[in-house]
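**Q** Okay, handing you the structure first.
Read-outs: derived from the displayed coordinates by stated rules, not from any lab. Worth saying up front: this structure is predicted, and the values here are computed from it rather than measured. Heads up, the Cβs are rebuilt from the backbone with ideal geometry, glycines too, and the neighbour counts pull from every protein chain shown.
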């Protein structure tokens, strides 16, 4: 077994996985989709959309709660999607 080849294969798989995670887009929402967030596969916030109707009440606390809930929803979905991605690449579960 050539350890150099094995290390090169591992490096290529890691690069491919990182690339796919950065390209991944996952949406989470809260409050009947009044707040939506989009995360990439590394859980970086890419975009946030807030419905104008949320500002009618002026409830800042509710807005904060909805943003947190939407982020948590998207974060959970990233975990699911990245697990599927890892499995499709033939890598062991729990790698991330």
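**Q** For the chain, what does -39500 (n - 2.57) per DSSP helix run (n ≥ 4), summed and divided by total residues, give at 222 nm, in deg cm²/dmol to the nearest 500? Before the final figure, lay out each step's value.
**A** Values: 2 runs with 50 residues, N = 96.
Helix contribution divided over all residues of the chain: -18500 deg cm²/dmol.
**Q** Fewest Cβ neighbours within 10 Å first, please rank 73, 47, 65, 2 accordingly. Before the final figure, lay out the partial values.
**A** Numbers: 73 19, 47 10, 65 14, 2 7.
Ranked by crowding around the Cβ, least crowded first: 2, 47, 65, 73.
**Q** For each of 46, 35, count neighbouring Cβ atoms within 10 Å of the residue's Cβ, then give the residues from fewest to most.
**A** 46, 35
**Q** With P(r) over Cα pairs in 5 Å bins from 0, in percent defined as stated, name the option among (1) 2, 13, 19, 16, 13, 10, 8, 6, 5, 3, 2, 1, 0, 0; (2) 2, 10, 13, 16, 13, 11, 9, 8, 6, 5, 4, 3, 2, 1, 0; (3) 2, 13, 24, 25, 17, 11, 5, 2, 1, 0 computed from the structure displayed.
**A** (1)
**Q** Counting only C-alpha contacts under 8 Å and six or more residues apart, can you give the relative contact order of the chain as a whole percent?
**A** Worked out over the chain, it gives 25 percent.
**Q** Could you work out how far helix 3-23 tilts from the main Cα principal axis of the chain, as a 0 to 90 degree angle to the nearest 10?
**A** 20 degrees
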